[in-house]
């Protein structure tokens, strides 16, 4: 029992004594050396695309190289001169799955799939000459179905490529958004005469920060969250839905040392000041790779330790007491039986 009491005293009194991370800065540092916090955030370096990021590509303009063959789902601008004023043909028409355009009940449907725009204009003119006198037809490609095929969200593959379906693979790993857009334009120039693209990162999956919560019985629970550049300690606590009853308010931000030195850099966090007082000094801005470490509560840990130590003893005592009670009961039963036989 003395061993248990000594161990308990060591847990309650000794954890903070050996916790080198909880010590605060002894002297103020110059403002330019203060780590970024809630009211003094810094801009992160240009984001470099890495697997498994998700990027979004949107086609703003896409003109295929001639001679372009019309496909299903293309949009054509068809304009015909010489039509009655109340039945004009001057609009955008979509090519159906069957490769035809429907000019309305007065003019019918015309097959245009597989034709160039000039061939489509001639095909339309030949059909309309039966209902119009000397029609003049112009056809322009308003939107290629290829644009819809390219636009969308793309997952960066483990090899750093994005798969543009029928337009091949493009290497984007290690590039900024601007550099990736330039690389995509260069690759697609072999298929399109004129094009404009919008490229953005919609899933910042390759960089993030960690919240590590020390559990009494469950070890250390690690949570990873993507980083976008404006997360603070308070945001990180909100991501894990606040502190649990077994978590203490002792926490710090562990950050990699600049220059690649193998040394610890720990920023102590004053949770009470942040949560209750609205202080911003230790509500640090989280940078890629940061670890917010939250220790467990010492009293709860001590209680759990006592429970683990005493529970086996209680079981042994319970078994012993049960055995003693059973033997005593059998002895009483035997004496009563002997008395009954005498009478």
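FYI, it's all coordinate maths here, none of it is from the lab. Small disclaimer: the values here were computed from a predicted structure and weren't measured. No Cβ is skipped: glycine too gets one built from the backbone with ideal geometry, and neighbour counts run over all protein chains shown.
By the beta-carbon count within 10 Å of each Cβ, the least crowded to most crowded order of 213, 109, fewest first, is 109, 213.
Solvent-free Debye calculation, one equal scatterer per alpha-carbon of region 28-108: log10 I(q)/I(0) at 0.11 Å⁻¹ equals -0.60. Annotation for residue 238 and residue 261: the two label points, set 7 Å from Cα along the Cα-Cβ direction, are 3.5 nm apart.
Sorting the segments 118-125, 164-171 by their residues' average number of neighbouring beta-carbon atoms within 10 angstrom, most packed first, yields 118-125, 164-171. The distance separating the Cα centre of region 69-85 from that of region 141-190 comes to 30 Å. Computed from label points 7 Å out along Cα-Cβ, the spacing between residue 111 and residue 222 is 6.3 nm. Quick check: from the Cα gyration tensor, does region 33-188 come out rounded (a/c under 1.5), prolate or oblate? Taking the square roots of the gyration eigenvalues as a ≥ b ≥ c, region 33-188 is prolate. Ranked by the mean number of other Cβ atoms within 10 Å of their residues, highest first, the peptides 182-192, 88-98, 285-295 come out as 285-295, 182-192, 88-98. Per-residue extension of 0.36 nm, minus the Cα-Cα distance of residue 91 and residue 198, leaves a gain of 35.8 nm for this segment. Distance between the 7 Å Cα→Cβ label points at residue 129 and residue 43: 6.3 nm.
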